[in-house]
1. Quick check: anything in region A:35-58 in contact (Cβ under 8 Å) with a residue 60 or more places away in the chain and either at the interface with chain B (Cβ under 7 Å from one of its Cβ atoms) or touching a helix residue (DSSP H, G or I) at 6+ places or on another chain (Cβ under 9 Å) (or both)?
2. I'd like the residue in region B:79-102 that is more than 8 Å from every other protein chain (Cβ to nearest Cβ) and either part of a helix (DSSP H, G or I) or out of contact with any Ser or Thr (no Cβ under 9 Å at 6 or more places or on another chain) (or both) and, out of all such residues, is farthest from residue A:33 (Cα to Cα).
3. What about residue A:85, is it hydrophobic (A, V, I, L, M, F, W, C) and in contact with a Phe, Trp or Tyr (Cβ under 7 Å, 6 or more places away or on another chain)?
4. Output the residues belonging to region A:45-76 that are surrounded by fewer than 19 Cβ atoms within 10 Å (Cβ to Cβ) and part of a loop (DSSP other than H, G, I, E, B).
5. Looking at (1) under 16 Å from residue B:89 (Cα atoms); (2) charged (D, E, K, R); (3) assigned to a helix (DSSP H, G or I), which is the only condition residue A:34 fails?
6. For region A:16-26, which residues satisfy the criterion of being within 9 Å of another protein chain (Cβ to nearest Cβ) and either under 14 Å from residue B:29 (Cβ atoms) or surrounded by 12 or more Cβ atoms within 10 Å (Cβ to Cβ) (or both)?
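What follows is calculated from the coordinates using simple rules that are stated; it is not laboratory data. None of the values given here were measured: they were computed from a predicted structure. Ideal geometry is used to build each Cβ from the backbone, glycine not excepted, and the neighbour counts take in all protein chains shown.
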2 protein chains.
Amino acid sequence: MTTNKLAEIPTGLLLEALKDRIENQQRQLATSDKLANAVPIEEAAKLISGRRNQLGMSQQDVSDITGVSCTTISKAENSSMKVQLDNFIAIAKATGLKVWVA
Amino acid sequence: MTTNKLAEIPTGLLLEALKDRIENQQRQLATSDKLANAVPIEEAAKLISGRRNQLGMSQQDVSDITGVSCTTISKAENSSMKVQLDNFIAIAKATGLKVWVA
C-alpha cells in the first residue's frame, strides 16, 4: 500500500465519492467547455475580425454570407454596440462564434 | 472492502490519478465557472424575465434603471433579436447577467 492520508475512510467509499465528484465536474465542463475562452461582447470585436481574417474572408464575404451590410459588419468589428442583435449573431456565426448570456 | 472494478490497479496509484484528474478539472472550471449555466442568446428571454421576477422588478423598474424603453424590454423578453446590442446588454446587466462571445 502507498500512503493514503485519508486512511480512516474505507477505500471503497472514498473511490465512490471521487467518482461522483469527477462525474459532476464532467457534467459542468460539458456545458461550459466551449465557453472556456469566452470574451465579454464589448471586447469581442478583435475576436471576430481575427477569426474572419484567419478564415481568409473579407467583410464583403461575410456580407454575402449573412446578408448583413458591410457598414454594419464594420461597426461590429469596431466595437460598436449600436448594432442589431440578429445582425451581430449572424456575423459571429459566419466566423464560427456564438453569443451567450450568463 | 467494497467492490472495485479496477482492482488490478494499486489503490494508491488509482487515488493519485483521480486526485490529478479532479485538480485538472478544477482548473478548467475556475476559468469557465460563471459560464457553466450560459444559454445561447436566442434562448435567453426566459432567463432574463425569470431573473427580473426573482429580483422583484417590473419591466418599468428595468426601464428606469437602464433608460431602455419598456417596448424594447418587452421585445427582449419575447426572444426578439430585433433589439440593439447596447440595449440588450443594459437589460441583461440590470438582472445580473452578461453577454459573451465564444
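1. Restricting attention to region A:35-58, the residues satisfying the condition of being in contact (Cβ under 8 Å) with a residue 60 or more places away in the chain are A:35, A:38.
Cutting the leftovers down to either at the interface with chain B (Cβ under 7 Å from one of its Cβ atoms) or touching a helix residue (DSSP H, G or I) at 6+ places or on another chain (Cβ under 9 Å) (or both) gives us A:35, A:38.
Yes, region A:35-58 contains at least one residue that is in contact (Cβ under 8 Å) with a residue 60 or more places away in the chain and either at the interface with chain B (Cβ under 7 Å from one of its Cβ atoms) or touching a helix residue (DSSP H, G or I) at 6+ places or on another chain (Cβ under 9 Å) (or both).
2. Going through the qualifying residues, I end up with B:87.
3. Values: hydrophobic (A, V, I, L, M, F, W, C): yes; in contact with a Phe, Trp or Tyr (Cβ under 7 Å, 6 or more places away or on another chain): yes.
Judged against the criteria, residue A:85 is a match.
4. A:55, A:56, A:57, A:58, A:67, A:69
5. Tallying (1) under 16 Å from residue B:89 (Cα atoms); (2) charged (D, E, K, R); (3) assigned to a helix (DSSP H, G or I), residue A:34 fails exactly one: (1).
6. Step one: filter region A:16-26 for residues within 9 Å of another protein chain (Cβ to nearest Cβ), giving A:16, A:18-19, A:21-22, A:25-26.
A:16, A:18, A:21, A:22, A:25, A:26 - these are the residues of region A:16-26 that are within 9 Å of another protein chain (Cβ to nearest Cβ) and either under 14 Å from residue B:29 (Cβ atoms) or surrounded by 12 or more Cβ atoms within 10 Å (Cβ to Cβ) (or both).
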